[in-house]
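Right, one structure below, let's go through it.
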Amino acid sequence: QVQLVESGGGLVQAGGSLRLSCAASGRTFSNSGRGWFRQAPGKEREFVAAITGSGGASYYADSVKGRFTISRDNAENTVYLQMNSMKPEDTAIYSCAVMAGASYYDRRAYRYWGQGTQVTVSS
């Protein structure tokens with residue numbers, strides 16, 4: 001059974017940093033793209049960042065480009081999201097996912113999802 005477990009969320013002040021982790025179990029995903037999405041209250045889930053299976057390429061939403069960095073450790077079957085210079089508008093539940101489709105930016109291309117971790121940025 002595939003399971004994705006996020007950790008590292010919490011409360012941080014504006015301008016601060018957090019590092020999220022997403023550990024996968026049940027299968028090895030070293031050949032699969034992986035991504036992070038977020039959902040704020042009253043809003044749809046939106047793309048944040050994604051990384052290819054090899055880790056050689058990454059993709060970001062314009063709203064986080066230059067502040068967030070996605071990385072992965074295939075030996076640990078884990079993907080990370082380093083979030084710097086955080087803003088109150090980054091407040092959301094952050095979920096990681098494993099790709100099964102073709103578009104890194106489209107949530108419908110992802111097959112497996114974690115439960116999410118809450119990130120709150122205070123002003």
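The values are calculated or read from the model by the stated rules, or taken from the named source; none is laboratory data. Everything numeric here is computed off the predicted structure, so don't read it as measured data. Ideal geometry is used to build each Cβ from the backbone, glycine not excepted, and the neighbour counts take in all protein chains shown. The accessibility values were calculated without ligands, DNA or RNA, using every heavy atom of the protein model including side chains. Shrake-Rupley method; radii C 1.70, N 1.55, O 1.52, S 1.80 Å.
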Notebook entry, point to check: Farthest toward the dipole's positive end in the chain, which of Val121, Ala100, Ala50, given Cβ charges of +1 (Lys, Arg) and -1 (Asp, Glu) about the Cα centre?
Noted result: Ala100
Margin query: So for the chain, averaging the separation of alpha carbon pairs under 8 Å that are six or more residues apart and normalising by length, what relative contact order in percent results?
Written below: 35 percent
Next item on the list: Could you work out the Kirkwood radius for the chain, taking every pair of different alpha carbons, averaging 1/r and inverting it, reported in Å?
Entry: 14.2 Å
Check: To the nearest 20 debye, what is the magnitude of the charge dipole of the chain about its Cα centre, counting +1 on the Cβ of each Lys and Arg and -1 on the Cβ of each Asp and Glu?
Finding: 140 debye
Next item on the list: Quickly rank 7-20, 92-105 as a protection proxy: mean count of other C-beta atoms within 10 Å, highest first.
Entry: 92-105, 7-20
Notebook entry, point to check: So for the chain: antiparallel DSSP bridges make up what percent, rounded to the nearest 5?
Noted result: 90 percent
Checklist line | region 41-123: GluC sites (Glu not before Pro) in DSSP coil with no more than 13 other Cβ atoms inside 10 Å | finding: Glu44, Glu76
Item checked: Convex hull volume of region 67-123 per residue (C-alpha atoms, cubic angstrom) -> 103 Å³
Notebook entry, point to check: Carbon and sulfur atoms: what percent of the 1.4 Å accessible area of the chain do they account for?
Noted result: 43 percent
